[in-house]
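Notes for the one structure printed next.
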């Protein structure tokens, strides 16, 4: 089977979308040929059976040019693909769904987010299948929806024996935006600090220009709570450097809503870093000590304190269990096989 993929970014150094480079690389093992249309093309090194076409964001073309290029590519390469896989951006389906249907192409959209709209519903009508990972995703309601593994590459995310793990260390890898509720984590760290629990914390991520004020408010919050000697902010890292960051920390906290099922939860687990999350998809899958209620700062602080005070042996035992769960259920290899099987049905 030959596959057309539509996505935002192909750039292995992108801190948040760099993972998709690894996805395409793994998918290339399951499909004869892959054509990728992306909005932005950056650093990439993909197998010979993968062709990458850019809509031109990296050179600053106008949005009208994006649309023109989109139609040029989907028509010109129509004999080079049998199925279409749209990652996250429903706009691609709204633009090209009618054409793909007329051409007899199988259409699948990956959309995993708590929010959606009438446009999402319209896009789903053009799809043979809709993929998501969370039962709380907006798209979970469709009869054609298939639940998929999260897709974390085990060859990238795994324990790094040569890296020293800092005791009592907390990590948050996150896009700096109000939607991520980073201020709640800082408040929880303030509660833990008042109880005299030892810790250091790293917040890793970047803010787009419209969220720079929010980032400044977080830094001010850290100072006001007297946490300047405990909490540091660092810039987002290239995707392949993130495992080392996990390996240096005991605990990774994730506050993304349950409709998203953030990959960082499972990246941390695979690196044998304890993952503390408010994601309800994990209920019954992992120990309750690793789940807190969304927006409950007091419970987040309580769970964080308990994890920070685990003995080293207890931490290792729990980390092994989480790693085994993540590898068994959410590896990228398992996702690639599932994608191939679903598109061939």
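I'd like to know if segment 136-151 contains one or more residues that are in contact (Cβ under 8 Å) with a residue 40 or more places away in the chain, surrounded by fewer than 16 Cβ atoms within 10 Å (Cβ to Cβ) and in a loop (DSSP other than H, G, I, E, B).
no
Restricting to segment 1-16, give me the number of residues that are crowded, with 20+ Cβ neighbours inside 10 Å and either under 18 Å from the mean Cα position of the chain (by Cα) or in a loop (DSSP other than H, G, I, E, B) (or both).
Step one: list which residues in segment 1-16 are crowded, with 20+ Cβ neighbours inside 10 Å, which gives 3-7, 9-12.
Restricting the remaining residues to those that are either under 18 Å from the mean Cα position of the chain (by Cα) or in a loop (DSSP other than H, G, I, E, B) (or both) gives 5-7, 9-12.
Counting residues in segment 1-16 that are crowded, with 20+ Cβ neighbours inside 10 Å and either under 18 Å from the mean Cα position of the chain (by Cα) or in a loop (DSSP other than H, G, I, E, B) (or both) gives 7.
If residue 216 meets every condition in (1) out of contact with any strand residue (DSSP E or B) (no Cβ under 8 Å at 6 or more places or on another chain); (2) more than 30 Å from residue 342 (Cβ to Cβ); (3) crowded, with 19+ Cβ neighbours inside 10 Å apart from one, which number is that one?
(3)
Given (1) modelled with pLDDT of 95 or more; (2) out of contact with any strand residue (DSSP E or B) (no Cβ under 7 Å at 6 or more places or on another chain); (3) assigned to a loop (DSSP other than H, G, I, E, B); (4) over 30 Å from residue 106 (Cα atoms), identify the lone condition not met by residue 161.
(1)
Let me spell it out: the conditions are (1) under 26 Å from residue 114 (Cβ atoms); (2) assigned by TED's automatic domain parsing to the domain that holds residue 86, and residue 340 meets all of them except one. Which number is the exception?
(1)
Here are some residues: 303, 289, 316, 320. Which one is in a helix (DSSP H, G or I) and surrounded by 19 or more Cβ atoms within 10 Å (Cβ to Cβ)? Before the answer, list the steps.
On the way: 289 fails: surrounded by 19 or more Cβ atoms within 10 Å (Cβ to Cβ); 316 fails: surrounded by 19 or more Cβ atoms within 10 Å (Cβ to Cβ); 320 fails: surrounded by 19 or more Cβ atoms within 10 Å (Cβ to Cβ).
Of 303, 289, 316, 320, the one residue that is in a helix (DSSP H, G or I) and surrounded by 19 or more Cβ atoms within 10 Å (Cβ to Cβ) is 303.
For residue 86, all conditions in the list (1) without any contact (Cβ under 8 Å) to a residue 40 or more places away in the chain; (2) in a strand (DSSP E or B) hold save one; what is the number of the exception?
Result: residue 86 fails condition (1) only.
Restricting to segment 281-298, give me the number of residues that are under 15 Å from residue 251 (Cβ atoms) and out of contact with any helix residue (DSSP H, G or I) (no Cβ under 9 Å at 6 or more places or on another chain).
Going through segment 281-298 one residue at a time, the tally reaches 0.
So how many residues does segment 114-135 have that are surrounded by fewer than 18 Cβ atoms within 10 Å (Cβ to Cβ), touching a residue at least 24 places away in the same chain (Cβ under 8 Å) and not in a helix (DSSP H, G or I)?
Total meeting the criteria: 3.
The values are calculated or read from the model by the stated rules, or taken from the named source; none is laboratory data. Computed from a predicted model, the values in this text were never measured in an experiment. As a convention, Cβ positions derive from the backbone with ideal geometry for all residues, glycine included, and neighbour counts pool all protein chains shown.
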